[in-house]
Every structure is written in structure tokens, then in C-alpha cells.
Amino acid sequence: SLFMTGAAFAQEKIKVGVTATLEGTYTVLGEDGIRGLQTALKKYGTKVAGKELEFIIASTDATPDSAVRAARKLVEQDKVQLMISPLSGDEGIAVKNFAKTHPEITFINGGSGAQETTYVDPAPNFYRFNMDGAQWQSGLGNYIFKTKGYKKIATVGEDYSFVYTQVFGLVL
């Protein structure tokens, strides 16, 4: 279940793990994500249901391997009870698969837009509250086909899961 119960909630502090792309191509996005977290904490505080939240941040470089390494460190070494992770599409698929090995931890998708994070072979403890890339593009595909009348188009994009999801939504 999304809500923590039992021993995890009985503790005085709730440890929350957060991954952010603080290395590599998406460093700026990771820094923005951390600033967003800090802004929310400043506005709403660090308590929920009378429990103090302790945030532990781990860096990734937007690759699946670095995301799993960061998630593993947060779960197995830092003993977080809740995870917010990750940013990139390929990271999302990898973290979803890692979540299956730790059913006692609740994972909340940080922003990965790959459809496979929740649609294909989902983990029962991995939740998404954001749209995937297919949802973002389906309206455009509808417009191109029905309004503009195009039957064939060419697309160009990076070679990874988020872009595949976007193109899938475009051609639906």
C-alpha cells in the first residue's frame, strides 16, 4: 500500500530517499529538482502526521546503473522507508525493477516518463503521479492525423525509452 504502516511508521523519523541527476547531461534538471524539494520543505515543513521527515539525497547520472546504485545505497545502507526516484526514462524502468526486490519500501516516481515504469510489468510498490511521454504526445498525433491530414511523418529523437514512449503516443 502507498501508506506506511507498522514498524516503519512507529519510528520517530521517516527517512525519505531522493535520487537526483547531479552528474552528467541532466545535472541542471537534478539541481532544479533539489531546489524544488527545498522550496516545498520551506513552505510546508518537514513533518507529516506528527513525524519528522529526514531526506537523504543520492546522485545519479541519468543511467540505469547509477540510478540502481543510488537506490540500493538509500534502501540498503541508509535504511530509507520511502523513495522518490528517478528523473530519466531508462532510470525509471531500472528503479521499478529494483523496487520489486524491496516490496517493503514505497517508491514514488520522481519524473520518469517511460511508459514501462508502470504500464508494463508494474511493481506493486512503485507509483507514478505524472504523465508518461505517450500521454504528452497523443494529442499532437491526433492533430497531425485528423486536422492536418498527414498519413506519414518522420520523427527524430534520442535512442532511449522516454523518446520511444513519446513516438508511441504520437502514432497511436
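Figures for the structure shown
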| quantity | calculated |
| --- | --- |
| Cα-derived Rg to Rh of the range 71-172, Kirkwood definition | 1.11 |
| Euclidean distance between Cα centres, the range 85-151 to the range 14-46, Å | 20 |
| Bridge type composition, the chain - antiparallel percent by DSSP, nearest 5 | 10 |
| Where the chain is the region considered: accessible area per residue in Å², 1.4 Å probe | 58 |
| Loop chymotrypsin sites (Phe, Trp or Tyr not before Pro), the range 58-157, which have at most 10 other Cβ atoms in a 10 Å radius of their Cβ (DSSP) | F129 |
| Kirkwood-based Rg to Rh ratio, the range 1-151, C-alpha trace | 1.04 |
| Portion, in percent, of the accessible area of the range 22-172 that falls on carbon or sulfur, probe 1.4 Å | 58 |
| Rounded to whole Hz, the Karplus (6.51, -1.76, 1.60) HN-Hα couplings of the range 117-124, x for glycine and proline | 5, 10, 8, 9, 6, x, 8, x |
| Helix-derived mean residue ellipticity, 222 nm - over the chain, DSSP H n ≥ 4, -39500 (n - 2.57), to 500 | -11000 deg cm²/dmol |
| Karplus-derived HN-Hα couplings along the range 95-109 (A = 6.51, B = -1.76, C = 1.60, θ = phi - 60°), whole Hz, x at Gly and Pro | 5, 4, 5, 5, 4, 4, 7, 9, x, 7, 9, 8, 10, 10, 4 |
| Amide hydrogen neighbours beyond the local backbone of M83, cut-off 5 Å, H modeled | G17, T106, F107, I108 |
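The values are calculated or read from the model by the stated rules, or taken from the named source; none is laboratory data. Bear in mind that the values here come from a model prediction, so they are computed numbers and not experimental data. Here Cβ is always computed from backbone atoms with ideal geometry, including for glycine, and neighbour counts include all displayed protein chains. SASA here: full protein model, heavy atoms, side chains in, ligands and nucleic acids out. Shrake-Rupley method; radii C 1.70, N 1.55, O 1.52, S 1.80 Å.
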